[in-house]
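Please read the structure below before turning to the comments.
Just so it is clear, none of the values below were taken in a lab; they were calculated from the coordinates. Computed from a predicted structure; not experimentally measured. Cβ sites come from the backbone with ideal geometry, for glycine too, and all protein chains shown count toward neighbours.
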Amino acid sequence: MTATSSRRLTTDEILRLNREYTFFSWSAQAKINPIVIDRAEGIYFWDPDGKRYIDFNSQLMSVNIGHGDRRVAEAIAEQARTLAFAAPQFATEVRGRLGQLLAELTPGDLKTFFFTLGGAEANENALRLARLYTGRQKVIARHRSYHGATAGAISVTGDPRRWANESGGVPGVIRVLDPWRWGREEPEPVDEHLAYLEEVIQYEGPHTIAAFILETVTGTNGILIPPDGYLQGVRELCSRHGILMIADEVMAGFGRTGRWFAVDHWDVVPDLLTMAKGLTSSYLPLGAVAMKPEIAHAFDEKVYFGGLTYSAHPMSCAAAIAAVNVLRDDDLVGNAARLDPVMRSLHADLAAKHPSVGATRNIGLFGIIELIRNRSTREPMAPFNGGSPEMSALEAGLRADGLYTMTHWNGVFTNPPLCITEEQLRDGFAIIDAALEVTDAAVVD
């Protein structure tokens, strides 16, 4: 068999080739057990043996429109036939049209876009823009956060994925706590937390701080929904001290929360907003930084020292236009909003039935179930930055019953594609309901 053979590979052959010749991210290579995907459509994907899975995590919270939408595939193919690539110093129709389309959706006066190849590069360039624009170097970031794996993005990341990468990181990062503290059932009072944040700013020197970067709704660290007043308070503090507010909407944007961008729930306009994932629904790689006019115009006469070979790649831009139009034409943002109370009710049903369910949260179709092993102490089913036999068994049970989602520490994520129906959503929760028996058995009072 050669790489160009037309014979379809078996599941075992695909696994062997992947293990032998490719390297998986964030993994000990000998311990991985990947699902083999053969094809996908809507909220489902299939392995080569025909087993169907519900994709209850939209892969990486990113296939927002669902799999296999022919409108996007055809847009990509047409662009490939017309102009497959243009270097970033060229102007193209598809680049201009995408910028115009995004300007209709982004909040406030965020109307200029720098295109990257993903979320990490978007955050890298947002940080660079902030530092070059303000002339300051420090950046505030939160502990419960993830912003990407490149040098600058991992430096402002707060979670344990940063630890092994700090030697090559970027200096000048100030870490602060999130209103949601680990192990707490409710966020801290907003006034108290904002007072703490302002105290940190005073200690560090406001005139030295370029930006505060934060996920609008924190993703892999727990679907942490900001309490009302928090984002408004951050916006006010940043404005008062000349600090740029960077909203990382890589995961929360493009309808995931039931609005085009999560900041829209709180009527907050950041200075810079980063996006990726749902921008193309991951049909092709693309990210972007949206910026206010004064930031864009600051580089009218001076050079912006940043760029990527594939910035504004024509095929990726075509995928984005098509994917955004699917979100609009099929009212998938509205669907996420309509299913918000349905998911909340399904979460509540699980909490009432299963002693291992300690907490649930969702905003739109962005949700999590947190599992505990002790109802009195609220001890998590897996420790911070760790796993447990019960969580491993739960994940195996979900997979066996045809549901794929992400489990992370003691959390089970509920982030299906936005095209999901209420009936399909209930089907997914029924599988989780049955699988939770394994964690219930570990609970002690």
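Values as computed for the structure displayed
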item	result
Whichever aspartates and glutamates have a C-alpha closer than 16 Å to that of Lys353, once near sequence neighbours (fewer than 8 apart) are set aside	Glu370, Asp433, Glu437, Asp440, Asp445
Extension gain, Val200 back to Ser6 (0.36 nm per residue minus Cα-Cα distance, nm)	63.7 nm
Reachable lysines from Lys111, criterion Cα separation under 30 angstrom, eight or more residues apart if same chain	Lys138, Lys277, Lys292, Lys302
Fully extended contour minus Cα-Cα distance, from Trp46 to Ser25, at 0.36 nm per residue	5.3 nm
Estimated distance in nm for a label pair at Asp191 and Gln89, the labels positioned 7 Å out from Cα along Cα-to-Cβ	5.7 nm
Dipole moment magnitude, nearest 20 debye, the chain about Cα centre, only Lys, Arg, Asp, Glu C-beta charged	1000 debye
Karplus-derived HN-Hα couplings along the range 31-44 (A = 6.51, B = -1.76, C = 1.60, θ = phi - 60°), whole Hz, x at Gly and Pro	9, 6, 9, x, 6, 8, 9, 9, 7, 8, 7, x, 8, 10
Antiparallel bridge percentage (DSSP; both residues within the range 70-329; nearest 5)	40 percent
Aspartates and glutamates with Cα under 14 Å of Lys31, excluding same-chain neighbours fewer than 8 positions away	Glu20
18 Å cut-off, amide nitrogen to a point 7 angstrom out along Ala351 Cα→Cβ, residues in the range 370-390	370-381
Distance from the range 127-183 to the range 405-422 (C-alpha centre basis), Å	26 Å
Loop sites in the range 1-84: trypsin sites (Lys or Arg not before Pro), DSSP, at most 11 other Cβ within 10 Å	Arg7, Arg8
Computed E for Arg375/Glu422 - FRET, C-beta separation, R0 35 angstrom, nearest 0.05	0.70
Stretch gain in nm, segment Ala434-Val303, where the contour uses 0.36 nm per residue and the Cα spacing is subtracted	41.4 nm
222 nm mean residue ellipticity, helices alone, for the chain (DSSP H n ≥ 4; -39,500 (n - 2.57); rounded to 500)	-11000 deg cm²/dmol
